[in-house]
2 protein chains.
Amino acid sequence: MKKAPGRTRDAILAAAASAFAARGFSGTSVDTIAAASGFNKAMIYYHFRNKKGLYVEILRSVFRFMGSRAADIADSDLPPPAKIEAFIDALDSMAATRPYMPPIMMREMAEGAVHLDSGTLRLMAAIFNNLRRILDEGLAKGVFRPAHPVLTYFTLISPIIFFRGAAPIRVALGKTHLPDVRVVDPAAFVANVKSTAITVLTAGATGARSPRPPRRRGRTNRPGDHA
Amino acid sequence: MKKAPGRTRDAILAAAASAFAARGFSGTSVDTIAAASGFNKAMIYYHFRNKKGLYVEILRSVFRFMGSRAADIADSDLPPPAKIEAFIDALDSMAATRPYMPPIMMREMAEGAVHLDSGTLRLMAAIFNNLRRILDEGLAKGVFRPAHPVLTYFTLISPIIFFRGAAPIRVALGKTHLPDVRVVDPAAFVANVKSTAITVLTAGATGARSPRPPRRRGRTNRPGDHA
DNA sequence: GTCTATATCGGGATAGAC
DNA sequence: GTCTATCCCGATATAGAC
């Protein structure tokens, strides 16, 4: 049925990503992945060295992709605040497009990145460094105030990853124990993260012109959207 | 050597919490926990039903503790902004005192809370509801603007959990790939989360008197980090 | 490249002595 | 309450046919 070159590999990778996201590395059996991919278990060992090899391959692609997007944004000619917004948008759209990313990232964080070889760690560091470049540029241009890059990094990344990654538990809790809580639109959440970031970064900057005054768009924050 | 009543149980719980945090539920073997606790594997099955029973016991204690702290704060007579700060402080001090908490929470989020029975989910919901009470009180008193509780919840929780939970990878990355990055003081990070939260919540509130004008302490944050 | 066995072993769980 | 010994399933990994 399925014969295209590299197709098998991709099917396995896709199935594995979802499975690893849902149940973690050791919680996922190779048989499960094989079944989900539509192929046999032996194919996994044919295309990848072993279970960990498959897992690391996924991690690498995740961080590589994020790193290249971050580099594109940092290299662009957008003004720094727009770069920050683009950075957040990119992160969120990746999380939305590839729902396996947030859980996998959360698990790796919790695990202390023991599965990450030096090359993959470099990819992670690259993402951070691109954010740092944006911050430095904004500072040099006088549109950002000084901000610790690590602190900023976590403040931007964590809400997106957490919100997207916690989607299943969020809806489960909403249905059973918090039925009166209005569902949160992901776009509203992202808009909120963006406007928060911009305001924090631009407030008190040395430079005169704040190229994009922090206004709220969307109805993230409107009278009466409390519970 | 160790004979005090309930001491064995506690030793097992402590060893299990660390192990589960580091390697997850299925990544941790019962033998490992037994060895770390100083007891034998059979003792685990004597004191707890099975591996999952032990795990759920830990989850329950975590959420119960957080829930009771949150309730205390919500019930206190502090002004709402101080309650928010106390809420954040409590969360962070729990994460600092019990380093196993952030990783376990991150893993449970990623897993969609499949290990959580209805009772434990109620405990989680209780934490959220206490935050919501604080927000409602602030709104009623005119010191907070309307804010969606879920959005606020994630914005407060995720940076703390992420930052504390990612401590191992943070230092590892810092040493190997980002040697020039200044180490972030957890206290500075928490201060930043607090001042951001307060400013966001109080900005544009209807009420006249803001019982605690959002001033920043520490140098994490300065003029106008609202949004 | 893809499949069907199958070897091998780790780990959850229990029996039963002390 | 605590230990040793053991059962046994499930999961990684491989051999080898097609």
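The values are calculated or read from the model by the stated rules, or taken from the named source; none is laboratory data. Because the structure is predicted, anything quoted here is derived from the model rather than measured. So basically every Cβ, Gly included, is an ideal-geometry build from the backbone, and we count neighbours across all protein chains shown.
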Query raised in the report: Quick one: how many residues across region B:87-112 are modelled with pLDDT of 95 or more and on the phi > 0 side of the Ramachandran plot?
Result: 0
**Report entry** Spans of helices (runs of 4 or more DSSP H) in region A:30-122 with at least 3 residues surrounded by fewer than 20 Cβ atoms within 10 Å (Cβ to Cβ) and within 16 Å of DNA strand C (Cβ to nearest atom)
**Finding:** A:30-37, A:41-47, A:51-75
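Looking only at region B:169-187, decide whether some residue is of a type outside the set (Lys, Arg), in contact with a Pro (Cβ under 8 Å, 6 or more places away or on another chain) and closer than 26 Å to residue B:103 by Cβ. Steps first, please.
Taking region B:169-187 first, the residues of a type outside the set (Lys, Arg) are B:169, B:171-174, B:176-181, B:183-187.
Now drop any that are not in contact with a Pro (Cβ under 8 Å, 6 or more places away or on another chain), which leaves B:181.
So of that shortlist, the ones also closer than 26 Å to residue B:103 by Cβ come out as B:181.
Within region B:169-187, one or more residues are of a type outside the set (Lys, Arg), in contact with a Pro (Cβ under 8 Å, 6 or more places away or on another chain) and closer than 26 Å to residue B:103 by Cβ.
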Query raised in the report: Looking at region A:186-226, which of the residues that are modelled with pLDDT under 50 and at positive phi is farthest from the other protein chains (Cβ to nearest Cβ)?
Result: A:218
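Table: residues versus (1) away from chain B (no Cβ under 14 Å); (2) away from DNA strand D (no atom under 13 Å from the Cβ).
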| position | (1), (2) |
| --- | --- |
| A:8 | yes, yes |
| A:22 | no, yes |
| A:29 | no, no |
| A:36 | yes, no |
| A:40 | yes, no |
| A:44 | yes, no |
| A:48 | yes, no |
| A:55 | no, no |
| A:67 | no, yes |
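Kindly indicate whether residue A:18 is more than 30 Å from residue A:152 (Cβ to Cβ) and within 14 Å of DNA strand C (Cβ to nearest atom). Break it down into steps so the answer makes sense when it comes.
Working: more than 30 Å from residue A:152 (Cβ to Cβ): yes; within 14 Å of DNA strand C (Cβ to nearest atom): no.
Here the answer is no, as residue A:18 does not meet what is asked.
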Query raised in the report: Are any of the residues in region B:46-57 within 20 Å of the chain's Cα centre (by Cα) and of a type in the set (Lys, Arg)?
Result: no
Query raised in the report: Residues of region B:129-152 being facing another protein chain (nearest Cβ under 7 Å) and hydrophobic (A, V, I, L, M, F, W, C), which ones?
Result: B:135, B:139, B:147, B:150, B:151
Requested in this report: Show the residue pairs that are 6+ apart or on different chains and have beta-carbon atoms under 9 Å apart, the first residue being within region B:64-86 and modelled with pLDDT under 95, the second being not in a helix (DSSP H, G or I).
Outcome: B:65/B:98
**Report entry** Subset tally (residues that are within 15 Å of residue A:126 (Cα to Cα), surrounded by fewer than 17 Cβ atoms within 10 Å (Cβ to Cβ) and either more than 8 Å from every other protein chain (Cβ to nearest Cβ) or touching a strand residue (DSSP E or B) at 6+ places or on another chain (Cβ under 7 Å) (or both)) for region B:164-184
**Finding:** 3
Query raised in the report: Considering only region A:131-147, how many residues are surrounded by fewer than 20 Cβ atoms within 10 Å (Cβ to Cβ) and not charged (D, E, K, R)?
Result: 4
